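Taken together, the values in this text are just the output of simple stated rules run on the coordinates, not laboratory data. Since the structure is predicted, the reported quantities are computational estimates derived from the model, not experimental observations. Reconstructed Cβ throughout: ideal geometry from the backbone, glycine too, with neighbour counts over all protein chains shown.
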């Protein structure tokens with residue numbers, strides 16, 4: 001079945017209403033995720049382990065909701081004979097919403113998702129930096145990690161070893 005045949009089987013007005021509902025739900029989830037990621041960063045900076053765990057659970061619930069919405073949107077595209085990708089969604093939106101109001105909402109969701117991705121990367125960088133610091137401190141204390149990673153003059157990574165152990169457990 002091609003997209004025109006599938007599209008004929010459902011009313012574009014009903015489809016538009018359903019897509020609008022999905023985009024509204026997605027927007028609310030993305031706003032919540034943005035708040036959670038910002039809060040998570042603050043907790044990471046403070047080192048509040050219990051609160052970080054609770055925030056991580058809330059973040060996962062929010063992401064699960066976003067994945068469910070994405071699955072539903074892809075299923076709708078397939079059911080109507082459109083590809084379940086960005087181009088298929090673009091064609092579906094053009095079919096059910098010639099005024100292009102939903103495309104604007106979709107664009108806003110993509111922008112918000114991009115911002116959430118940046119916040120998540122920032123949080124991951126902080127976690128990685130903290131882990132490396134702890135590993136380095138443990139290595140100094142135990143003498144088990146005497147290799148230090150540095151960049152060579154050519155920009156490659158090399159390892160240097162210290163000639164002595166500062167402490168032993």
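Below is a table of values for the structure above.
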| quantity | calculated |
| --- | --- |
| Likely footprinting exposure, 97, 70, 85, fewest C-beta neighbours within 10 Å first | 85, 70, 97 |
| Pairwise label distance in nanometres, residue 137 with residue 83, each label 7 Å out on the Cα-Cβ vector | 5.1 |
| Using a Förster distance of 22 Å, the FRET efficiency for residue 110-residue 42 (Cβ separation, nearest 0.05) | 0.25 |
| 140, 49 arranged by Cβ crowding within 10 Å, fewest neighbours leading | 49, 140 |
| Segments 41-47, 19-25 sorted - mean Cβ within 10 Å per residue, highest first | 19-25, 41-47 |
| Efficiency of FRET between residue 17 and residue 70 - r from beta-carbon atoms, R0 25 angstrom, step 0.05 | 0.85 |
